[in-house]
Amino acid sequence: MTLSTSYWPADFSQPVVDLTVGDALRGAAAQAPDATALVEGVADPAARRRWSYAELLEASERAARALLGRFAPGDRIAVWANNIPEWVILELAAGLAGITVVTVNPALRAQEMAYVLGQSQADGIFLVPAYRASPMAEMVQQVRGDLPALREMVSFAGWEAFCAEGGPDRALPEVSPDAPAQIQYTSGTTGFPKGAVLHHRGIVNNARLYTARLGLGPGSVQLSAMPLFHTAGCVMSVLGAVITRGTLVLPPYFDPGLMLELIAAERPATVIGVPTMLIGMLDHPGFRPGRHGIGTAVVTGGAVVPPALVGRVEAGVGAPVSIVFAQTDASPVITQTSPQDTAEDRAHTLGRPLPQTEVKITDPASGQTVAPGVTGEVCTRGYHVMTGYFRDPGKTAAAIDADGWLHTGDLAAMDERGYCQIAGRLKDMIIRGGENIYPREIEQVLFGHPAVADAAVVGVPDAKWGSKSPPSSGPRPARPPTPASYSATAASTSHRTRHRATGRCSSSSPSRRRARSRNSCCRSASSPAGLISRYRPKTQTSPPQPHPPHDRR
């Protein structure tokens, strides 16, 4: 199919099925009861708990009955914990019980957590007592008086006692595929976070179609350190394994050495991680291409994925990279490259839309669909679009128009084949002397610098040009990058970037703060703006623990 405009009609070759999270689990247990469903990916191999699908269904139904002893279908429970198997069981149990999961980032501070619990009107919270020196149980107690809806607080330290409340005589309800399964809070870099309400049909089918494009089947092992509070964790990873009757290996947090050990021991078909995670594994002194090969594909996205990194990953692990373009509000995957795509398309595009997914690129000013190759805002429509933002009809109406199109706020171009290339966020776009500048374009160029492992570009005010680019970088011990070398890299790559890169050195790591830095700076530089980019030197082998970026609306 050759497109005359940047509009991709829904591909109906694969159906949308009316399934709930509970239906997906029951189907897996019926078809593959003895297959390994879940592995706790802790460092000690002897301590790695494993569940078959029959055991996972039994544990989830027991927990679902316990939930119904304290909550009713339609209630909302928050989950505040790192990646532990009980998180997965609770997610599946809530799906069986018709209870909505409110995911909470364990890195939040007390007031941030209180906002999520209050705005979602959470009836209960399940949490670990503490994580990484954060006294989570104490923080909940500090704010509980301000949360009148919160009537239950359950520690995962008492998980077995809680599940024992689930008597076998308690019936589980019928749950509609249209019912809310999750409320996922966006990062709120342009204001308070918004709670995207995701329904069962959307997340189950998105996991099904995403894994189908990867070519995963029964028995496929998936290794993912993506946080379960994020759709890449609780949808792509958890439901992706369930829907394929595969195995999810779940480390408690991202650590490059642990990931490499799990690759060697569990032999995964796929590894899911943001670019910072992939760089951390490749840079780790223990990485060995022969020992750490991947069977089917490496899945990445959520941040800039430079072509150079795609090539490095594919050469290192011996498997193609599949880049996903995803947004929480879309359940989350919208477009995805296939392992069967050409090397050029895998490195330089975001692939085509998934089946049953309409996508168009529109002019942000006029709303008209643009011609192929022209940059505009990505809009999508279909089964995967969220129900709306919880208790926020105004922002829902601003995001989803009267015709059902979700306006993502992302800028991209679509070629005549339907393959998309991201340009950045609409709110990140910087104007330099009347010219539109997309931070991602400069990041891609500077990533090619021999001393640069990762990069992020943000806008800052400039009195003369409105925009210039003083990148700052982490120094390399023997030969730190210089401002002149940045300029040379940019000038040798493209005329569009040769005036945009002068620099200074900084030790900041970009990936953890890219979204927040961009939005805070660009908001103050919505007219004249400059650029700052931060780098991590390639010699750094142990990157900070990355927190995958939410959609940065």
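Values quoted throughout were computed directly from the atomic coordinates according to the rules given, and no laboratory measurement underlies them. On a predicted model such as this, the values are computed, not experimentally measured, just so you know. Neighbour counts run over all protein chains shown; Cβ positions are idealised from the backbone, glycine included.
Over segment 57-107, all Cα pairs binned in 5 Å intervals from 0 give whole-percent P(r) values of 5, 24, 32, 23, 12, 3, 0, listed from short to long. Distant-in-sequence amide contacts of Gly74, defined by a placed amide H-H separation under 5 Å and a gap of 5 or more residues or a different chain, comprise Ile99, Thr100. Reducing segment 141-169 and segment 27-66 to their Cα centroids gives an inter-centroid distance of 22 Å.
Using the Cβ of Val79 as centre and a radius below 12 Å, the other residues enclosed give a net charge of -1, where K and R count +1 and D and E count -1.
Cβ-to-Cβ counts within 10 Å put Tyr131, Tyr253, Tyr419 in ascending order as Tyr253, Tyr131, Tyr419, the fewest first. As a proxy for reagent exposure, ranking Thr5, Thr342, Thr335 by other Cβ atoms within 10 Å from fewest up yields Thr342, Thr5, Thr335.
Mean silhouette area of segment 48-175, derived from the convex hull of its C-alpha atoms and averaged over all directions, reads 7.8 nm².
Sequence neighbours fewer than 8 away in the same chain don't count; with that in mind, list the aspartates and glutamates whose C-alpha is under 14 Å from Lys360. Cross-link targets: Asp11, Glu377, Asp401, Asp403, Asp410, Asp415, Glu416. Model label points for Thr2 and Leu172, set 7 angstrom from Cα along the Cα-to-Cβ axis, are 5.2 nm apart. For Phe229, no residue has an amide H sitting under 5 Å from its own, ignoring neighbours fewer than 5 places away on the same chain, with H placed 1.01 Å from N.
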